[in-house]
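Read the figures in this text as sums done on the coordinates, not as results from a lab. The model shown is predicted, which means the values in this text are computed figures rather than measured ones. Because the Cβ atoms are built from the backbone with ideal geometry, glycine has one as well, and the counts that use them run over all protein chains shown.
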Amino acid sequence: MALLSKKDSKLILDPLADNNPITIQVLGICSALAITAQLKASIVMAISVLAVMGIGNVVISLMRNIIPSKIRIIVQLVVVAALVIIVDQVLKAFAYSLSKELSVFIGLIITNCIIMGRFEAFALANGPWRSFLDGIGNAAGYGLILVIVGFFRELLGSGTLLGYQVLGDPIQKTGIYAIGYENNGFMLLSPMALIIVGLIIWVQRARNKDLIEE
Amino acid sequence: MGLKQNLHKLKEKYRGTKMAPAFNALHTFLYTPNETTHSGSHVRVVDDLKRTMNTVIMALVPCLIFGIFNAGFQHYAAIDASLRLDPLANFFTWDNFILGAWTVLPLVLISYGVGLAVEFIFAVIKGHEVEEGYLVTGMLVPLIVPIDIPLWMLTVAVIFGVVIGKEVFGGTGMNILNPALTIRAFLFFAYPTWMSGDKVWVHGARDMAGQPDAISGETILGSLAQNQEHAYSIWDSFWGFIPGSVGETSTFLILLGAIFLIYTKIGSWRIMLSAVIGALTMGLIFNGVVNAGWIQEGNSFYGLMSETFWHHLVIGGLAFGIVYMATDPVTGSQTNKGKWYYGFLIGFISVLIRVFNPAYPEGVMLAILLMNVFAPTIDHYVIQGNVKKRMKRLKAKTA
């Protein structure tokens, strides 16, 4: 017997590709632009959002029958805020330098529209297990794009990956810097993140024509 | 048979295949197409898109030739300053030409080679005709980059500019931003050390840095931005014997090009004139600020602000941008009234950026790109204003 039923595995796999929160729904763009200059920051951000969304979706789903619909947005905000503070504290305790690097952006997970969107669209209407899968799936879809963008931006912008100088040393002129290669400073600026996301969208829609909207 | 016949045969041979657009483009680039329209309306004109583009290229050729000589001249004059005493006698020499051709022509080849290759690939994949838009862009690009830009950087930038600046929007005629300036802006933000400073404008300055015979070539704008004296007279900058991007130094030749473009009705005189007025206005405002004593000597903006207002027209790339790039019919305003606003703001903002952004002392590139984005908005309001006016007239008549 499979671990997940077909319907459940769709919840996880769909947001990874054909219903990706960033490239299809165009949500969560701000953080995708802001923190993807380094691959490490992208990965930490992806994991943080994964934790917040997985747990948050379950909590909202459990409370869905007792939340008055008039104040549901505020309740959702309180849940996200509480979870984000926990994530923030964990990062400060165990990865201080990283938390400094991400600075305000961990706090700004609260405003990440993917999270509120999933609470509204899914967790309020589904059971905890399915909500959990949906949260994990959407966060993974978000994280995937973050990691792809972070990979290219760090590789082409700084010539490093996770801080390792994979292309050689730009100051000592080793590796491919010896033949005149230079880092692309444009990659470190946010517009380039937007362009990379745009290219991903282009590739995705060229491969799957159903996604092209009229 | 001649070339025409061969091209024709080649085209017939590939008709209907995937490569057809490529051969079609070659054929129509050189000769009038051999087929005629069979139905619908027939309009017979001589200035189709290709001829329009070729006219602009003709207007650019003097700048290119001058740029080739200037590349050599700046290099030798940086080594031996006495050459500057009589620039005219030392300018059109074989030495200058050979060095200049050696450095400038590769830029032209890369620009056209890479850019047209991207165009052809897109045409073949999408199955449409090759678009002529790159003909002018390919000529503009080598004229607006520093002489020593590495060729691989130019290659990357051209691919980026053509794909992101043009093809993603649907090709020639659909682009929002001027492709040549997109390419330059890419280089500018990606490799700032190769695009600004005092080491990039003269051939060899970078390689010789740190050696006893090091040469430097700060542009006039660069010197002014740092409140330094420069040795160039206003006539030097008018004729173009100054360091700068390859083809934009000679205001005189740009002026000739402008007259040619206006005479052939390819370039819009409204945009050119209003941009000049805009630049002069901003220059006058800054001069006024200095005269009023609000900005003292020693202030970091003093050098550029106190520059006589009309000097802004002959230093830097402002003139080149106004004549050849602001007038781009695709990205500029379309309405006559809109052209006045569009041009005026380009000139106005160019000088503004010049003064307040000393890290990047030339502002015309950013100003044109900014106004490219706003051109449709300007047109929208001009058209709406016209609609409103006519509605009112209609109402007055019927009432």
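How high is the FRET efficiency between B:Val168 and A:Ile85 when r is their beta carbon distance and R₀ equals 45 Å, given to the nearest 0.05?
On the way: r = 41 Å, r/R0 = 0.91.
So the FRET efficiency works out to roughly 0.65.
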Set Lys and Arg Cβ to +1 and Asp and Glu Cβ to -1, take the dipole of the range B:49-386 about its Cα centre, and tell me which of B:Thr308, B:Pro376, B:Gly138 lies farthest positive.
-> B:Pro376
Quick one: order B:Val351, A:Val197, B:Val330 by neighbouring beta-carbon count within 10 Å, fewest to most.
-> B:Val330, A:Val197, B:Val351
CD proxy, 222 nm, chain A: helix-only mean residue ellipticity via -39,500 (n - 2.57) per DSSP H run with n ≥ 4, per residue, nearest 500, stands at -20000 deg cm²/dmol
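Classify the range B:49-386 as rounded, prolate or oblate from the Cα gyration tensor: take a ≥ b ≥ c as the square roots of its eigenvalues, call it rounded if a/c is under 1.5, otherwise prolate when a/b beats b/c and oblate if not.
Note, shape of the range B:49-386 comes out oblate.
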Helix A:39-63 vs. chain A, principal-axis angle (Cα, 0 to 90°, nearest 10) | 0 degrees
If one puts a single equal scatterer on every Cα of the range A:26-152 and applies the Debye formula without solvent, what log₁₀ I(q)/I(0) results at q = 0.17, 0.21 Å⁻¹?
-> -0.81, -1.15
Between A:Ile71 and B:Met58, what is the spin-label point distance in nm, taking each point 7 Å from the Cα along the Cα→C-beta axis?
-> 7.8 nm
Distance from the Cα centre of the range B:336-399 to that of the range B:177-197, in angstrom?
-> 24 Å
For the range A:26-152, averaging the sequence separation of alpha carbon pairs under 8 Å that lie six or more residues apart and dividing by its residue count, the contact order in percent is 51 percent
Those residues of the range B:56-86 whose amide nitrogen sits under 11 Å from the label point placed on B:Trp235, 7 Å along Cα→Cβ = B:86
Dipole magnitude of the protein assembly as shown about its Cα centre (Cβ charges: Lys, Arg +1; Asp, Glu -1), debye to nearest 20 = 2780 debye
So for the range B:196-301, using the alpha carbon gyration tensor with a ≥ b ≥ c as root eigenvalues (a/c under 1.5 gives rounded; past that, a/b versus b/c decides prolate or oblate), I'd call it oblate
Short version: ³J(HN,Hα) in whole Hz for each residue of the range A:18-29, in order, from phi by Karplus 6.51 cos²θ - 1.76 cosθ + 1.60 (θ = phi - 60°), x for Gly and Pro, what are they?
-> 7, 10, 5, x, 7, 7, 9, 8, 6, 10, x, 5
Check A:Leu161: other-chain or 5+ apart residues with amide H under 5 Å from its amide H, H built from backbone geometry?
-> A:Val166
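With contacts defined as alpha carbon pairs under 8 Å and 6 or more residues apart, what's the relative contact order of the range B:49-386 in percent?
Once divided by the residue count of the range B:49-386, the mean separation gives 17 percent.
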Rounded if a/c is under 1.5, else prolate if a/b beats b/c, else oblate: with a ≥ b ≥ c from the C-alpha gyration tensor eigenvalues square-rooted, which is the range B:229-385?
-> oblate
Sequence neighbours fewer than 8 away in the same chain don't count; with that in mind, list the lysines whose C-alpha is under 25 Å from A:Lys6.
-> A:Lys209
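In percent, what relative contact order does chain A have, based on Cα pairs under 8 Å that are 6 or more apart in sequence?
Working: 264 pairs, mean separation 71.5, N = 214.
Relative contact order of chain A: 33 percent.
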Given Cβ charges of +1 for Lys and Arg and -1 for Asp and Glu, the option among B:Ala396, B:Pro179, B:Gly67 whose Cα lies farthest towards the positive end of the dipole of chain B is B:Ala396
Folded to 0 to 90 degrees: helix A:72-94 orientation relative to chain A principal axis, Cα = 40 degrees
Summed over the other residues with a beta carbon less than 10 angstrom from that of B:Pro243, with K and R at +1 and D and E at -1, the charge totals -2
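Can you sort B:Phe66, A:Phe151, B:Phe344 so the residue with the fewest Cβ neighbours within 10 Å comes first?
Fewest-to-most Cβ neighbours within 10 Å comes out as A:Phe151, B:Phe344, B:Phe66.
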For the range B:181-331, give the magnitude of the charge dipole about the Cα centre (Cβ charges: +1 Lys/Arg, -1 Asp/Glu; no others), in debye to the nearest 20.
-> 540 debye
Phi-derived 3J(HN,Hα) across the range A:197-211 with the Karplus relation (6.51, -1.76, 1.60, θ = phi - 60°), rounded Hz, x for Gly and Pro, is 4, x, 5, 4, 4, 4, 4, 4, 6, 5, 7, 10, 5, 4, 6
Provide the FRET efficiency to the nearest 0.05 for the B:Tyr302-B:Leu255 pair, computing r from the beta carbons and using R0 = 25 Å.
-> 0.25
Only Lys, Arg, Asp and Glu count, each charged at its Cβ (+1, +1, -1, -1), so figure out the dipole size of chain A about its Cα centre, rounded to 20 debye.
-> 420 debye
Step through the table entries B:Lys265/B:Lys388; B:Lys18/B:Lys166; B:Lys337/B:Lys397, compare each Cα-Cα distance with 27 Å, and write down the pairs that go over it.
-> B:Lys265/B:Lys388
If you project the alpha carbons of the protein assembly as shown onto their three principal axes, what span does each projection cover, largest first, in Å?
-> 88, 70, 68
Per DSSP, the loop-located GluC sites (Glu not before Pro) within the range B:171-260 having at most 15 other beta carbons within 10 Å are B:Glu229
Summing +1 for each Lys or Arg and -1 for each Asp or Glu, what net charge is found among the other residues whose Cβ lies under 11 Å from the Cβ of B:Asn178?
-> +1
Full extension from B:Val387 to B:Leu105: what is 0.36 nm times the residue separation minus their Cα-Cα distance, to one decimal in nm?
-> 96.5 nm
Taking every other residue with Cβ under 14 Å from the Cβ of A:Ile136 and scoring Lys and Arg +1, Asp and Glu -1, one gets 0
